[in-house]
Structure formats: C-alpha cells, structure tokens
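Trainee: This is the structure I have questions about; it appears just below.
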Amino acid sequence: MTDAPTPATPASAPASALPRPVRMITCSTAPNPRRVDIFLAEKGVDVPRTEIELATRAHYAPEHLARFGTHHLPALELTDGETLTETLAICRYFEALHPEPNLMGRDGFEAAKIEQWVRRTEMLVAMPLFYVFRHTHPAMATLEAQVPALAEAHRPRLADGLDLLNRRLTASAYIAGDRFTIADIVAYTTLDFAKVAKVRPDDSHTGTLRWMAELAARPSCARPKRG
Ligand SMILES: N[C@@H](CCC(=O)N[C@@H](CS)C(=O)NCC(=O)O)C(=O)O
C-alpha cells in the first residue's frame with residue numbers, strides 16, 4: 001500500500017493582493033493599542049490614525065459599534081470595507097503585508113512558542129493587572145462599575161504572573177527565545193503599563209529588570225506622549 005499523495009498546501013494570497021489599511025482608530029496611551037504601535041514601529045510602517053480618549057466613551061458611539069462590532073481599541077479599517085479588531089489579529093495582518101522583520105515566528109515551532117508566551121502573558125499577567133487597574137484607578141470610573149475587592153482578589157495572581165515572567169527572563173534573553181518577537185511586545189507593554197496601577201517588578205526580579213532596560217532602549221518602545 002502506498003501513501004496517499006499529500007495535497008498541496010493552498011498558496012496564501014500574495015501580500016500585493018490583500019486589502020490595504022485605511023485608518024486605525026486607537027488610543028496611543030492604552031496598553032493594547034500600544035502593542036500595535038510598537039509592532040508597526042519595528043516594521044517601519046505608518047498608518048493613518050484617529051485617536052480616541054477612552055474617558056470620552058467615543059468608542060461606544062452606535063456608528064463605531066455598528067462598524068467594528070465591539071468598543072475595544074485598536075480597530076482597523078481596510079480598503080475593501082472589512083475591519084479588524086484584536087491586537088494580535090491586527091498584528092497578524094500587518095505581518096502578512098510586511099513580513100520583515102519577522103515578529104511572529106519563522107517556522108511552526110517558533111510561532112507556537114511565541115503564541116504560548118503571548119497567551120501566558122495575557123492570561124496570567126495582563127488579565128489580573130487589568131482587574132487591579134480598572135477596579136482601582138480613578139480614570140477608569142467612567143468605564144467600569146468599580147469593585148475594589150475584585151482588584152484585591154487579583155493581586156496575588158498578578159504577583160504569580162510576574163514571578164513567572166522573571167523566571168523566564170532569567171533563563172532566556174527574550175520572552176519566546178533568543179530574539180525579539182511580538183511576545184516581548186505583549187509583555188513589555190503590559191509591564192510598562194503596570195506602573196500606572198503602581199505595580200512594578202520588585203528588586204529581586206533581576207531577569208525582568210535587565211530585559212525591561214534593554215527594551216526601553218529600543219526606539220519603537222519610546223513612551224507615547226500624553227495629551
Ligand atoms: N483583546 C483586545 C483588548 C482590547 C482592549 O481591551 N482595549 C482597551 C484599551 S487597552 C479598550 O479599548 N478599552 C475600552 C473600554 O474598555 O471601554 C485586543 O487585544 O485588542
């Protein structure tokens with residue numbers, strides 16, 4: 001018995017056939033939009049943008065919700081009328097349009113490793129951090145029915161997540177391995193934003209502190225100007 005022939009993998013559309021970005025609706029100072037900003041800066045790509053100050057709730061306007069399906073930023077409009085939200089989805093699209101420098105994995109294993117660390121960072125660090133921030137910070141009072149006990153319940157989980165990242169960054173130069181990838185962008189924007197919630201790596205987190213100093217020196221990671 002012979003093996004059945006392996007079907008050819010359908011070729012994905014060339015980047016030149018894909019719709020182009022029209023504009024990105026965003027809030028430069030918020031951590032999720034900042035991920036995309038760093039990603040684009042690393043690739044040297046510029047996209048027209050409309051800034052929204054979250055406290056104004058302009059992203060809850062019926063036209064915005066009808067267009068994008070959610071009030072979460074960033075949100076991307078494309079030339080064919082399609083839209084994308086979710087930072088990772090938007091970055092995936094820009095990686096297809098501008099493959100170099102590669103930030104999402106050069107092969108299946110590296111892509112899987114990156115995804116593993118992105119998910120760990122989102123679920124074990126960013127999620128508890130956002131509970132702490134959104135349920136304690138006065139600026140979030142227009143967006144959240146604040147329950148301070150929820151913030152306190154998430155503080156120990158956040159501490160565990162910060163320990164996990166420090167262990168990784170003690171053993172590894174970058175989050176997903178030996179080079180800068182989107183996993184570093186997700187972790188860096190999360191930890192840099194944590195300062196706003198008065199959460200910082202402690203002095204024993206030498207791996208994280210070493211890595212944060214290195215990333216802070218990258219031009220793409222310059223802090224956005226407020227106001
Ligand atoms: N999972 C989404 C999260 C986006 C998100 O939560 N964005 C925040 C800013 S960091 C937002 O738009 N918040 C608006 C609100 O809560 O009203 C993504 O990855 O894009």
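The values are calculated or read from the model by the stated rules, or taken from the named source; none is laboratory data. Keep in mind it's a predicted model, so treat the numbers as computed, not measured. Please note: Cβ atoms are built from the backbone with ideal geometry, for glycine as well, and neighbour counts cover all protein chains shown. The accessibility values were calculated without ligands, DNA or RNA, using every heavy atom of the protein model including side chains. Shrake-Rupley method; radii C 1.70, N 1.55, O 1.52, S 1.80 Å.
Trainee: Based on this model, can you work out whether Lys43 counts as basic (Lys, Arg) and in contact with a His (Cβ under 8 Å, 6 or more places away or on another chain)?
Mentor: The answer is yes for Lys43.
Trainee: Starting from the range 67-78, take each residue that is outside the structural domain of Ala89 (by TED's automatic domain parsing) and over 16 Å from Arg92 (Cβ atoms) and list its partners that are open to solvent by 50 Å² or more (accessible area, probe 1.4 Å) and within 8 Å of the ligand (Cβ to nearest atom), counting only C-beta distances under 8 angstrom and pairs at least six apart or across chains.
Mentor: none
Trainee: Another question, if that's okay. Out of everything in the range 54-63 that is within 11 Å of the ligand (Cβ to nearest atom) and either in a loop (DSSP other than H, G, I, E, B) or free of Cβ contacts under 8 Å to residues at least 60 places away in the same chain (or both), what residue ends up being surrounded by the most Cβ atoms within 10 Å (Cβ to Cβ)?
Mentor: His59
Trainee: Within the range 15-26, identify whether any single residue is open to solvent by 70 Å² or more (accessible area, probe 1.4 Å), touching a residue at least 40 places away in the same chain (Cβ under 8 Å), within 10 Å of the ligand (Cβ to nearest atom) and not assigned by TED's automatic domain parsing to the domain that holds Arg179, and answer yes or no.
Mentor: Looking for residues that are open to solvent by 70 Å² or more (accessible area, probe 1.4 Å), touching a residue at least 40 places away in the same chain (Cβ under 8 Å), within 10 Å of the ligand (Cβ to nearest atom) and not assigned by TED's automatic domain parsing to the domain that holds Arg179, one finds none in the range 15-26, hence no.
Trainee: Now for a separate question. Here's a check for you: in the range 65-76, which residue that is over 19 Å from Met140 (Cβ atoms) and open to solvent by 20 Å² or more (accessible area, probe 1.4 Å) is farthest from the ligand (Cβ to nearest atom)?
Mentor: This residue is Ala66.
Trainee: On to the next question. Take the residues of the range 91-138 that are in contact with a Leu (Cβ under 8 Å, 6 or more places away or on another chain) and open to solvent by 30 Å² or more (accessible area, probe 1.4 Å): which is nearest to Asp178 (Cα to Cα)?
Mentor: If we take residues in the range 91-138 being in contact with a Leu (Cβ under 8 Å, 6 or more places away or on another chain) and open to solvent by 30 Å² or more (accessible area, probe 1.4 Å), then Arg120 is nearest to Asp178 (Cα to Cα).
Trainee: Would you pick out the residues in the range 204-222 that are touching a residue at least 60 places away in the same chain (Cβ under 8 Å) and among the polar types (S, T, N, Q)?
Mentor: Ser220
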